[in-house]
Structures are given as C-alpha cells and as structure tokens.
Amino acid sequence: MHKIYRYRNLSFKVPDETEVLLMVEFISDGNLGHTAINVPGSGDSEIENSGSVNIGIGSNLRGDKTTVSTEVANLIPQEDEIRVAYRLNGQLIKEHVNLKSEADKVKIILYIKFPEP
C-alpha cells in the first residue's frame, strides 16, 4: 500500500550568508528511497537513500518554500516501521514515523520556509 504524508509550516531561521546542509537519514533497517529537493530559483538537488547535500545560502532560500519530497519503500518483513529523520545544519527539523501496517511504500513531503533570524 502507498501513502502520502505532508508536513507543512516547517521553518528554519538562517542568516543570509550561511550555507544550509540538508541531511536525510533512513533510520529503519531496509529503507530504500530517493529524495528530491526543490529550492527557490535554480539549484535543485537529489539524494539517494541516506545522505546530505548543500541546498544553498539563507538569502537564496527566502521568499518561496523549499519542498523536500522523499519516496521510501521498506520491504523487509521483520521491520515494523518506516522512520526517516530530516536535519538542517545538524538540527532535527522533522522525524517521520509510520507503521508498515499503514503503508510499506510512502511519499514524505516537507514544506520548509527559511525566515531571517
């Protein structure tokens, strides 16, 4: 079964010239997936499975929302849940958890704003 989870109204205050590093961590054993990051303007990026990527500096991320979209599947029978953590510059911004009885293939969408500090 496939399910979509949306997380709105997330924000991360960052100074204008500070680089922002997005880290996606697949916590559950057996998670496989792909994350697409859509930032304002150009400079979109992707992460395969767990990993991190520089998504830009604070001033370039303002104005429009940044969208982070992860497709995850977990087909290991012994695993009971899908758990994914999202961090910006090392700070946890969202941890997604769902039981595989709800869905073993999920799409997680984060909508993030970057206001001035």
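The values are calculated or read from the model by the stated rules, or taken from the named source; none is laboratory data. All values derive from a computational prediction rather than experimental measurement. Methodologically, a virtual Cβ is constructed for each residue, glycine included, from the backbone with ideal geometry; neighbour enumeration extends over all protein chains shown. Side chains included, ligands, DNA and RNA excluded: accessible areas come from the protein's heavy atoms. Shrake-Rupley method; radii C 1.70, N 1.55, O 1.52, S 1.80 Å.
Calculated from the structure, Rg and Dmax of the Cα atoms in Å equals which of [x] 14.3, 46; [y] 16.3, 55; [z] 15.6, 54?
Entry [x].
Got a sec? Which residues in region 4-39 would a label at Gln78 touch, if it sits 7 Å along Cα→Cβ and we count backbone N under 16 Å?
Residues 28-31 qualify, since their backbone N sits under 16 Å from the label point.
Percent relative contact order of the chain, based on C-alpha pairs within less than 8 angstrom and at least six residues apart?
Contact order relative to length: 40 percent.
What number, rounded to the nearest 500 deg cm²/dmol, is the helix-based mean residue ellipticity at 222 nm of the chain, given -39500 (n - 2.57) per DSSP H run of at least four residues and division by all its residues?
The helix-only estimate for the chain comes to -500 deg cm²/dmol at 222 nm.
Search the structure for amide H atoms under 5 Å from the amide H of Lys100, placed 1.01 Å from N in the peptide plane, and list their residues when 5 or more places away or on another chain.
Under 5 Å from the amide H of Lys100 lie the amide H atoms of Glu81, Ile82, each far enough along the sequence or on another chain.
What accessible area per residue, rounded to a whole number of Å², is obtained for the chain using a probe radius of 1.4 Å?
Per-residue accessible area for the chain comes out at 54 Å².
For region 72-112, what does the relative contact order come out to in percent, with C-alpha contacts under 8 Å and a separation of six or more? Before the final figure, lay out the partial values.
Working: 46 pairs, mean separation 17.9, N = 41.
Contact order relative to length: 44 percent.
Provide the per-residue ³J(HN,Hα) series for region 103-117, in order, calculated from phi with Karplus coefficients 6.51, -1.76, 1.60 and θ = phi - 60°, each as a whole number of Hz, with x at glycine and proline positions.
3J(HN,Hα) across region 103-117, in whole Hz: 6, 9, 10, 9, 10, 10, 10, 10, 10, 10, 10, 10, x, 5, x.
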